[in-house]
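The structure appears right after this line, and notes come after that.
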Amino acid sequence: MPRLPWRVRAALASLAAQAPLLALLAGCAGLEGLQSEGKAREVKAPLALWPEYSPAPLRREENPAARRPVPGLAHIPSGSMAAADPLTVLDADITSGGAAAPAPKSVRRPVLRDLTGDGKPDLIMVVDLDRRTSDLRVYTVRKRIVTRVLALRGVLAGVELAAGHLVIREPTKDPRYVSVTDYTWDNGEMALWDLTLDDARTPQTPSQAPAPVPIPTPTPGDGL
């Protein structure tokens, strides 16, 4: 094997001598700016308690979105809830379950909006049971029959309509947040679309409610 020129051998020897120092400098450069965050938390998989148990599906009377024809009401050939009397519909629905009809002063102003996407308005009703709890119900017309498609009871911090969705806002134990339940019409029923938390917004802005229609005051010259 031919010997390398002495200049090459000298250069290789110099690099070999500097290798430990270069490695040390490289390590210092890599550690610069790093700080210890303390002991890392140990990651463990969730511990399932009683995994052999599972809840039974909701019975029809427990499902808030179960469709239920309202008995004792005339058929509506037009398919529009605008053709029905809101209080008559509400009273017939509640009394058919064995409860008394609500006092008229506890019933909020009826709202007509298309939630089913058929171009015809559906009926949204709310009964304030006390100063905290309310009962919300939604009605539509299915094959000319007035049908309840949603009935839920809760603390209504807000009820909103957005792009065909019915959004229910309820308070949580943390006053900074509300629980938001989103219902939409899907495959012939009001289905739960989403359940999230949102920042609390109270009270609702007055612009969300329509302005009241002014009632003219009669004058002596009106012949009344």
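Remarks
- Selection from region 131-144 of residues that are open to solvent by 30 Å² or more (accessible area, probe 1.4 Å) and within 22 Å of GLU62 (Cα to Cα): ARG132, THR133, ARG137, ARG142
- Members of region 185-208 that are surrounded by 10 or more Cβ atoms within 10 Å (Cβ to Cβ) and at pLDDT below 50: GLN208
- The number of residues in region 140-162 being in contact with a helix residue (DSSP H, G or I) (Cβ under 8 Å, 6 or more places away or on another chain) and closer than 16 Å to ASP199 by Cα comes to 1.
- Tally, over region 97-109, of residues that are on the phi < 0 side of the Ramachandran plot, open to solvent by 50 Å² or more (accessible area, probe 1.4 Å) and not aliphatic (A, V, I, L, M): 5
- Residue match in region 64-75 (condition: open to solvent by 80 Å² or more (accessible area, probe 1.4 Å), touching a Pro at 6+ places or on another chain (Cβ under 9 Å) and farther than 19 Å from SER134 by Cα): no
- Qualifying residue in region 214-222 (condition: open to solvent by 50 Å² or more (accessible area, probe 1.4 Å), farther than 15 Å from PRO64 by Cβ, touching a strand residue (DSSP E or B) at 6+ places or on another chain (Cβ under 6 Å) and at pLDDT below 85): no
- Among the residues of region 172-184, the one identified as assigned to a strand (DSSP E or B) and open to solvent by 50 Å² or more (accessible area, probe 1.4 Å) is TYR177.
- Hits in region 109-149 - residues which are among the small types (Gly, Ala, Ser) and more than 23 Å from GLU170 (Cα to Cα): GLY117, GLY119
- Within the span defined as region 163-171, every residue fails to be open to solvent by 40 Å² or more (accessible area, probe 1.4 Å), within 16 Å of ASP194 (Cα to Cα) and touching a residue at least 40 places away in the same chain (Cβ under 8 Å).
- The residues in region 126-146 that are over 17 Å from ALA82 (Cβ atoms), among the polar types (S, T, N, Q) and assigned to a strand (DSSP E or B) can be counted, and the count is 1.
- Residues of region 126-147 that are under 21 Å from the mean Cα position of the chain (by Cα) and farther than 14 Å from ARG109 by Cα: ARG132, THR133, TYR139.
- Within region 41-52, at least one residue is of a type in the set (A, V, I, L, M, F, W, C), modelled with pLDDT under 80 and more than 30 Å from THR95 (Cβ to Cβ).
- Matching entry among LEU123, LEU90, LEU150, LEU112 (being surrounded by fewer than 17 Cβ atoms within 10 Å (Cβ to Cβ), modelled with pLDDT of 95 or more, more than 13 Å from the chain's Cα centre (by Cα) and not in a loop (DSSP other than H, G, I, E, B)): LEU112
The values are calculated or read from the model by the stated rules, or taken from the named source; none is laboratory data. Everything numeric in this text was worked out from a predicted model, so none of it was measured. Note: ideal-geometry Cβ built from the backbone for every residue, glycine included; neighbour counts use all protein chains shown. Areas reflect the complete protein model, heavy atoms only, side chains present, ligands, DNA and RNA absent. Shrake-Rupley method; radii C 1.70, N 1.55, O 1.52, S 1.80 Å.
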